[in-house]
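Q: Let me begin by handing over the structure; questions about it come next.
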Amino acid sequence: MRFAWLLLALLPGLAFARQATELLFEDTEPGEPPYLSRVLILGDKLRLDYGQDADNFSLYDRRAQRLYVVSHEVERITEIPAGKARLRLPKGWRLTLSKQAGGAEQHVRVKLNDKICLELKAVPGLLPEASRLLGDLRRALTASQAAAWKATPADLRDPCFLVLDVVRAGIEYDYGLPLSLQYGDGRRRLYRSHAEREVAEELFTLPAQYQRFEWTAPR
């Protein structure tokens with residue numbers, strides 16, 4: 001009898017375990033120590049956190065066309081609807097892409113005029129759906145990023161931001177899964193590993209009791 005009750009207690013957890021793709025990256029900000037970033041992918045949903053299930057997280061739902069930013073401390077969910085930006089590079093700005101094969105890798109350099117905005121190494125064909133979903137997330141945020149660009153004083157704007165976050169958003173994932181991303185402002189992302197693993201489906205579920213706020217572009 002005790003075994004039967006134990007089995008029943010375990011069944012709910014087993015029923016809601018799902019097979020997901022896990023990607024681990026090492027991210028570095030200028031002047032700061034590196035930290036772990038985790039990407040979990042389940043179907044059309046993508047979760048971003050720092051490697052712990054209890055972390056604050058962001059959840060992109062491609063079908064809903066929304067990014068949800070979840071903060072446990074204040075029990076709040078900020079919803080950012082997907083939207084495309086209409087901004088273009090100003091006249092006279094020259095964007096160049098140079099590509100070079102290195103064995104199974106693709107090496108790409110993105111330059112704006114004489115400034116290097118991004119250097120990347122990628123593996124074409126490795127986890128194509130994961131790369132596509134990561135790129136879709138970047139492109140889904142172009143409207144909010146364009147609003148941030150417009151709200152930034154002209155003397156504080158980084159031209160590479162307009163290229164990488166608005167006009168060519170998602171370019172990091174256009175050439176396959178990136179092994180390394182080196183940005184012109186000093187940020188860096190290094191691929192560490194990927195695996196298929198069982199995760200609790202609740203990791204892709206928004207807390208029902210949290211307050212929700214929808215992000216709107218500043219005017």
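Q: Can you give me the % of accessible surface on the chain that is carbon or sulfur? Probe 1.4 Å, all protein chains present, nothing else counted.
A: Carbon and sulfur atoms account for 53 percent of the accessible area of the chain.
Q: Checking the cross-link filter: which aspartates and glutamates have an alpha carbon closer than 14 Å to that of Lys150, excluding same-chain neighbours under 8 positions apart?
A: Partners within reach: Asp158, Asp165.
Q: Then there is this: Using per-residue counts of other Cβ atoms within 10 Å, averaged over each peptide, order 84-91, 107-114 from highest down. Could you put the intermediate results ahead of the total?
A: Working: 84-91: 11.8, 107-114: 16.2.
Highest to lowest by the protection proxy: 107-114, 84-91.
Q: Find out how many positive minus negative residues lie around Thr78, taking Lys and Arg as positive, Asp and Glu as negative, among other residues whose Cβ is under 11 Å from that of Thr78. Before the final figure, lay out the partial values.
A: Working: positive: Arg66, Arg76, Arg212; negative: Glu79, Glu214.
Taking every other residue near Thr78 into account, the sum is +1.
Q: Hey, which of these cross-link pairs are over 21 Å Cα-Cα: Lys45/Lys121; Lys91/Lys111; Lys84/Lys115; Lys91/Lys115; Lys45/Lys84; Lys45/Lys111?
A: In this structure, Lys45/Lys121; Lys84/Lys115; Lys45/Lys111 exceed 21 Å between Cα atoms.
Q: For the chain, what is the charge dipole size about the Cα centre, in debye to the nearest 20, if Lys and Arg each add +1 at the Cβ and Asp and Glu each add -1 at the Cβ?
A: 1020
Q: Let me ask another. Among 131-137, 99-105, 187-193, how do they line up from the highest to the lowest mean number of other beta-carbon atoms within 10 Å?
A: Working: 131-137: 19.1, 99-105: 10.0, 187-193: 14.9.
Ranked by mean Cβ neighbours within 10 Å, highest first: 131-137, 187-193, 99-105.
Q: Run the helix sum for the chain: -39,500 (n - 2.57) per DSSP H stretch of 4+ residues, divided by residue count, reported at 222 nm to the nearest 500 deg cm²/dmol.
A: -5500 deg cm²/dmol
Q: Before anything else, pin down the relative contact order of the chain: Cα pairs under 8 Å, at least 6 apart, normalised by residue count, whole percent.
A: 26
Q: How do the peptides 209-215, 122-128 rank, highest first, by the average count of neighbouring beta carbon atoms within 10 Å per residue?
A: Answer by packing, highest mean first, reads 122-128, 209-215.
Q: Grab the beta carbon distance between Arg94 and Ala148, set R0 = 22 Å, and tell me the FRET efficiency rounded to 0.05.
A: E between Arg94 and Ala148, to the nearest 0.05, is 0.40.
Q: Also: Rounding to the nearest 10 and keeping the result within 0 to 90°, find how far the Cα-based axis of helix 2-15 lies from the longest principal axis of the chain.
A: With rounding to tens, the tilt is 20 degrees.
Q: What are the radius of gyration and Dmax of the chain, computed over its Cα atoms and given in Å?
A: Gyration radius and largest Cα-Cα distance of the chain: 19.7, 78 Å.
Q: Each residue of region 138-150 in order: what ³J(HN,Hα) in whole Hz does its phi give by Karplus 6.51 cos²θ - 1.76 cosθ + 1.60, θ = phi - 60°, with x for Gly and Pro?
A: 4, 6, 5, 9, 5, 5, 5, 6, 5, 5, 5, 4, 5
Q: Can you tell me how region 124-203 classifies by the Cα gyration tensor, rounded, prolate or oblate, using a/c under 1.5 as the rounded cut?
A: Judged from the Cα gyration tensor, region 124-203 comes out prolate (a/c at least 1.5, a/b above b/c).
The values are calculated or read from the model by the stated rules, or taken from the named source; none is laboratory data. Remember, predicted model here, so these are calculated numbers, not experimental data. No Cβ is skipped: glycine too gets one built from the backbone with ideal geometry, and neighbour counts run over all protein chains shown. With ligands, DNA and RNA removed, areas are computed over all heavy atoms of the protein, side chains included. Shrake-Rupley method; radii C 1.70, N 1.55, O 1.52, S 1.80 Å.
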